[in-house]
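*Asks:* Quick one: this structure, given as structure tokens, is what I'll be asking you about.
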Amino acid sequence: MNLTEIRKWETPRNCQKPKEDQEAQPLNFTIMSYNVLAQGYIETMPYLYGKCNEENLKWPDRKNRLFNQFKISNADIVCLQEVEADHYCKTYLSYFQSQGYDGVFKQKTQGKIDGCATFFKKCKFSLKENHSLEMLKNGIDLLNRDNIALISILTPIKNPDKQICIVNTHLLYNRKREDVRLAQLQILLAEINRVTCKNTNYFPVILCGDLNLTPSSKLYSFLSQGRLKYEHLDIKELTDCGSQKIGKTFLPKELYISDSCQYLQELKQNNCIEEEFFSSGTLTHKFAFKSVYNSDKFPKVRLNSTCHELVDYIFYSNIDEKLNKHEKQELTLLERLCLPTYKDCLKIGPLPNSQNGSDHYYLEARFRWNCK
């Protein structure tokens, strides 16, 4: 099956039409998220790719296919995961700079070979701030992994007073440790809140990456609905079954991150009641995230970002739509690049292959940003 027959632009059914605002200066832009598969993992775990053609696993061939995909996409913002540190400067950054981009990179901790890289076209955006988050916290079992995140604040060249937050992350892979991923999300959301909250006003956020969670998971529900009651859930898999249950406390208070996914300092500045900060049994957050690849046909039609399932996402948020009901919508999803369905993936076969340079498919979306 030819991927070009599948990977076409479409307008999702749940898209809202952009609102005309004569005062706004609309900026259309595209964003890509792609787990490019670090070459070192192919070499150290070849058993995962036993069904692939060996020629398709060699770095020179994979690099050519990956960079051809970047060229075809020509996205304005590119968020990559599993970028090998040794390849970043001499391969990725060199290529993107030659195409008019600038970029930032953060390597995973604990000696891991890869990290996340975010690139943006200099003709459209400039980098105002860049923050890197390490999810390794000494002495805390839930946060003893090497995962990281990049949080970049971009401003449009034509309207430098406006800001948008681009988050690029790669969460824990272990499918049996939903609790670890939830802890990673909690500190990530707290950091996004800290960076984007300016005098209680938020600006648009796009969250990209390999989140290693599925649309049916409680973590997906938490991101999209802004609420998760963790008390009495299984201590590792966050299911309603299991003999060991989570109590009222999830992350230790010593981190100063509340159950509303905010740092204690920000809460005190907003005069919140301290007794509500911790040990509530429920996590909440202020971002009304929507998934670009939210399917109204799920689970009848399963979209995949790997051979087996959907684990990669582009989420977007317009300030806090639940609390600021009269806030005008700044960021509107226009189109998305189609992902293959589960049945398509069975026909395409294992990845990487002669058409796709990674064991993931890339995600891409087109937005309109009403900058004032």
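The values are calculated or read from the model by the stated rules, or taken from the named source; none is laboratory data. Predicted model only: the values in this text are computed from it and were never measured. Neighbour counts are summed over all protein chains in view; Cβ atoms, including those assigned to glycine, are modelled from backbone coordinates with ideal geometry.
*Asks:* Go through region 58-87 and give me each residue that's surrounded by fewer than 19 Cβ atoms within 10 Å (Cβ to Cβ) and within 14 Å of A117 (Cβ to Cβ).
*Replies:* Answer for region 58-87, where residues must be surrounded by fewer than 19 Cβ atoms within 10 Å (Cβ to Cβ) and within 14 Å of A117 (Cβ to Cβ): F67, A85, D86.
*Asks:* For region 107-143, which positions are aliphatic (A, V, I, L, M), under 21 Å from F96 (Cα atoms) and in a strand (DSSP E or B)?
*Replies:* A117, L127
*Asks:* With the checklist (1) touching a Lys or Arg at 6+ places or on another chain (Cβ under 8 Å); (2) more than 21 Å from N2 (Cβ to Cβ); (3) at pLDDT 95 or above; (4) hydroxyl-bearing (S, T, Y) in hand, flag the one item S291 doesn't pass.
*Replies:* Against the list (1) touching a Lys or Arg at 6+ places or on another chain (Cβ under 8 Å); (2) more than 21 Å from N2 (Cβ to Cβ); (3) at pLDDT 95 or above; (4) hydroxyl-bearing (S, T, Y), S291 comes up short only on (1).
*Asks:* Kindly provide the set of residues from region 36-81 that are part of a loop (DSSP other than H, G, I, E, B), under 28 Å from A365 (Cα atoms) and free of Cβ contacts under 8 Å to residues at least 60 places away in the same chain, ordered by number.
*Replies:* N74, D76
*Asks:* Related question: From the list L351, L339, L323, L334, exactly one residue is modelled with pLDDT of 95 or more, under 26 Å from F289 (Cβ atoms), assigned to a loop (DSSP other than H, G, I, E, B) and of a type in the set (A, V, I, L, M, F, W, C). Which is it?
*Replies:* When all the criteria are applied, what remains is L339.
*Asks:* Closer than 21 Å to N35 by Cβ, among the acidic types (D, E) and either out of contact with any strand residue (DSSP E or B) (no Cβ under 7 Å at 6 or more places or on another chain) or in a strand (DSSP E or B) (or both) - does that describe any residue in region 154-161?
*Replies:* no
*Asks:* Okay, next question. T200 is checked against (1) at pLDDT below 95; (2) buried (at least 24 other Cβ atoms within 10 Å of the Cβ); (3) β-branched (V, I, T) and fails just one. What number does that condition carry?
*Replies:* It is condition (2) that T200 fails.
*Asks:* Of all residues being crowded, with 21+ Cβ neighbours inside 10 Å and among the acidic types (D, E) in region 337-371, which is nearest to S33 (Cα to Cα)? Just the residue, please.
*Replies:* Residue satisfying both the conditions and the ranking: E364.
*Asks:* Can you tell me which residue within region 88-126, out of those that are over 22 Å from the mean Cα position of the chain (by Cα) and buried (at least 16 other Cβ atoms within 10 Å of the Cβ), is farthest from P60 (Cα to Cα)?
*Replies:* Ranking the qualifying residues of region 88-126, first place goes to Y95.
*Asks:* On to the next question. Assess whether S94 counts as being farther than 25 Å from L172 by Cα, without any contact (Cβ under 8 Å) to a residue 24 or more places away in the chain and either touching a His at 6+ places or on another chain (Cβ under 6 Å) or not aromatic (F, W, Y) (or both).
*Replies:* Yes; evaluated as a whole, the condition is true for this residue.
*Asks:* Exactly one of these conditions fails for Q329: (1) more than 27 Å from N56 (Cβ to Cβ); (2) under 19 Å from the mean Cα position of the chain (by Cα). Give me its number.
*Replies:* Result: Q329 passes all but (2).
*Asks:* Any residue at all in region 115-126 that's at pLDDT 95 or above and farther than 28 Å from G357 by Cα?
*Replies:* yes
*Asks:* Regarding region 214-223, can at least one residue be identified that is surrounded by fewer than 22 Cβ atoms within 10 Å (Cβ to Cβ), in contact (Cβ under 8 Å) with a residue 12 or more places away in the chain and more than 24 Å from V292 (Cα to Cα)?
*Replies:* Looking for residues that are surrounded by fewer than 22 Cβ atoms within 10 Å (Cβ to Cβ), in contact (Cβ under 8 Å) with a residue 12 or more places away in the chain and more than 24 Å from V292 (Cα to Cα), one finds none in region 214-223, hence no.
*Asks:* Would you please name the residue that is surrounded by the fewest Cβ atoms within 10 Å (Cβ to Cβ), looking only at residues in region 147-162 that are modelled with pLDDT of 95 or more and more than 11 Å from the chain's Cα centre (by Cα)?
*Replies:* Applying the filter and picking the extreme gives I157.
*Asks:* Take the conditions acidic (D, E), surrounded by fewer than 19 Cβ atoms within 10 Å (Cβ to Cβ), in contact (Cβ under 8 Å) with a residue 24 or more places away in the chain and within 30 Å of Q25 (Cα to Cα) and apply them to E129. Does it pass?
*Replies:* Spelling it out, E129 is indeed acidic (D, E), surrounded by fewer than 19 Cβ atoms within 10 Å (Cβ to Cβ), in contact (Cβ under 8 Å) with a residue 24 or more places away in the chain and within 30 Å of Q25 (Cα to Cα).
*Asks:* Tell me yes or no: at least one residue of region 181-195 is touching a strand residue (DSSP E or B) at 6+ places or on another chain (Cβ under 8 Å), without any contact (Cβ under 8 Å) to a residue 60 or more places away in the chain and assigned to a loop (DSSP other than H, G, I, E, B).
*Replies:* Checking region 181-195: not a single residue is touching a strand residue (DSSP E or B) at 6+ places or on another chain (Cβ under 8 Å), without any contact (Cβ under 8 Å) to a residue 60 or more places away in the chain and assigned to a loop (DSSP other than H, G, I, E, B).
*Asks:* Exactly one condition in (1) at pLDDT below 95; (2) in contact with a Leu (Cβ under 6 Å, 6 or more places away or on another chain); (3) under 23 Å from N212 (Cβ atoms) is not met by C15; state its number.
*Replies:* (3)
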